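Data first, discussion second: the structure below is written as structure tokens.
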Amino acid sequence: MAILRQRSFYTVMNTSTLDMPEPSPGTILCVVGARPNFMKIAPIIRAFRAGPEPIDVRLVHTGQHYDAEMNDAFFSQLQIPRPDIELEVGSASHAVQTAEVMKRFEPVVDAESPRAVLVVGDVNSTIACALVAAKKNIPVIHVEAGLRSFDRAMPEEVNRVLTDQISTLLFTTEPAARQNLLREGVDDGQIHFVGNVMIDTLQHCLEQSIPAAETLAGQPGCELFLGGESGYCVLTLHRPSNVDEPEVFRSILDTVRTVSESIPVVFPVHPRTRNRMAELGLQGILESDRIACLQPLGYLEMLGLISGARLVMTDSGGLQEETTVVGVPCITLRENTERPVTVDQGTNTIVGQDRAQIIAVMHDVLQNGGKRGRVPELWDGKAAERIKQILNDWLPQVN
Ligand code: UD1
């Protein structure tokens, strides 16, 4: 796949005429690239820029995600400041995308000489920017470190393992992460259990979330989703393991169709998934007045939609955590999870692609309410503040 966007403030071919903002010595460069990064960076920037003892930060957006629905909506709803630097890499194969982020990020690091580079999550932009910084002996701070699915076929697992190996400070969301990191040889003193910045954003935005009735208004048959006794199920799907293999994807969609006979399904469709459905000619399976296929939703719409749902079926990492906090049963359409606390303490059940199991959990939800959980330790909306406190103690020691 070709790179969709080439223009950049920091294009490698054109370093002599860079349209660069003035460097800000002593800054921390914070990196975002793809949709799940935006919810994680928002509370960090807010906390760092607030007094007392603000931390100077600059925001770099790699442009891994660029569609209005995948990008712009999140910046405005989460009140993330406009990125100081945009790399505009766009979509490509993993190797090309990762390499392109690295090529475009390197001159930024040279120009800015940051005190540290802060990366979040596990997307290609995370490992690409961490690698550039580490090779220049600039400390890497990884937020959401130590999560492991133990499935190296997952691109995110490779990104997580490698990013953690080259990070100086590792902030974790759940206790299992520390054990994973210790086993991989990370020093205990580098690891800080601070809670979950994704949940900081959820807590911050819950009151402003947009009710499902508003999001679904205008959808054909919307009263079916809102007024029916069964409530509705929210579905999201985008993992390569679910949508790349035609037979697997077809079988999941067949199961969704069966689920929809018991509970109507609202499906905001990721662009990658929409493309695959079209390529494989699978759209017909979901043609039903009990299934609403929507464009990807903004954060506040999605939060309203899942809070009001009876059930969520997903292969997303973030939704496993968010459903645990809002107390809605979650069926995870994967063989494993890197977020075990959502299973041990939360509302999450891992079912893979097993049709019988999916239907069984769905019936349990409809008949008995499904799995009930509790909110994990430190998922209290204050993770970013804890990170700031630790950095304010740490920064004077490194520079
Ligand atoms: C990426 C992350 C994944 C995260 C997901 C959330 C990696 C390896 N994967 O997966 O961990 O859960 O984001 O969405 O970093 N596309 C668009 N518009 C966009 C973005 C993507 O049309 O704004 C389409 C393109 O066809 C692209 C495809 O989606 O090739 C996949 O995008 P990509 O960023 O490569 O991976 P995601 O599947 O979004």
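With the simple model of a label 7 Å out from the Cα in the direction of the Cβ, Asp72 to Leu182 spans 4.9 nm. Of the trypsin sites (Lys or Arg not before Pro) found in segment 191-277, not one falls in a DSSP loop while having at most 14 other beta-carbon atoms within 10 Å.
Maximal additional length on extending the Ile166-Lys135 stretch stands at 10.2 nm, based on 0.36 nm per residue less the C-alpha distance.
Only Cα pairs under 8 Å and 6+ residues apart enter the sum, and on that basis the relative contact order of the chain stands at 16 percent. Put the Cα centre of segment 67-122 next to the Cα centre of segment 330-363 and the gap is 32 Å. Projecting label points 7 angstrom from Cα along Cα→Cβ for Ile390 and Val96 puts them 3.8 nm apart.
Evaluating kT/(6 pi eta Rh) at 4 °C and 1.567 mPa s, with the Kirkwood radius of segment 332-379 over Cα pairs in the Stokes-Einstein relation, gives 113 µm² s⁻¹. For segment 210-368, the relative contact order works out to 24 percent when only alpha carbon pairs closer than 8 Å and six or more residues apart are counted. Spherically averaged projected area of the convex hull of Cα atoms, segment 251-399: 11.4 nm². With R₀ set to 25 Å, the beta-carbon distance separating Arg272 from Asn336 gives a calculated FRET efficiency near 0.75. By the helix-only formula, in which each DSSP H run with n ≥ 4 contributes -39500 (n - 2.57) and the sum is divided by residues, the chain has a 222 nm mean residue ellipticity of -13000 deg cm²/dmol. When the alpha carbon gyration tensor of segment 51-147 is reduced to an equivalent ellipsoid, its three semi-axes come out at 20, 19, 13 angstrom, largest first. Of the beta bridges in segment 210-368, as assigned by DSSP with both residues counted there, near 0 percent are antiparallel. Taking a sphere under 9 Å around the Cβ of Ser241 and counting the other residues whose Cβ falls inside, with K and R at +1 and D and E at -1, yields a net charge of -3. Note down the relative contact order for segment 250-316 as a percent, whole number, built from C-alpha pairs under 8 angstrom at least six residues apart. Computed value for segment 250-316: 38 percent relative contact order. In the chain, one over the average inverse separation of all distinct C-alpha pairs is 21.6 Å, which is the Kirkwood hydrodynamic radius. In straight-distance terms, cross-link reach from Lys388 covers every one of the aspartates and glutamates whose alpha-carbon lies under 14 Å from its own, apart from those fewer than eight places away in the same chain; here that gives Glu53, Asp56, Asp200. Available extension along the chain between Phe150 and Gln203 is 16.1 nm, counting 0.36 nm per residue and deducting the alpha carbon span. At an R0 of 22 angstrom, the distance between the Cβ atoms of Arg82 and Asp56 translates into a FRET efficiency of 0.85. Could you work out how far apart the two model spin labels at Asp289 and Ser113 are, taking each label as a point 7 Å from the Cα in the direction of the beta carbon, and quote it in nm? With each label point 7 Å from Cα toward Cβ, the separation is 6.8 nm.
Once the C-beta distance of Leu226 and Glu261 is scaled by a Förster radius of 25 Å, the resulting FRET efficiency is 0.85 to the nearest 0.05.
Taking the C-alpha atoms only, the angle from helix 383-398 to the longest principal axis of the chain is near 20 degrees. At full extension, Ser251 and Val398 could sit 47.6 nm farther apart than now, given 0.36 nm per residue minus the alpha carbon distance.
A short reminder: the numbers here are calculations on the coordinates, not readings from a lab. Small disclaimer: the values here were computed from a predicted structure and weren't measured. Glycine also receives a Cβ, built like all others from the backbone with ideal geometry; neighbour counts cover every protein chain displayed.
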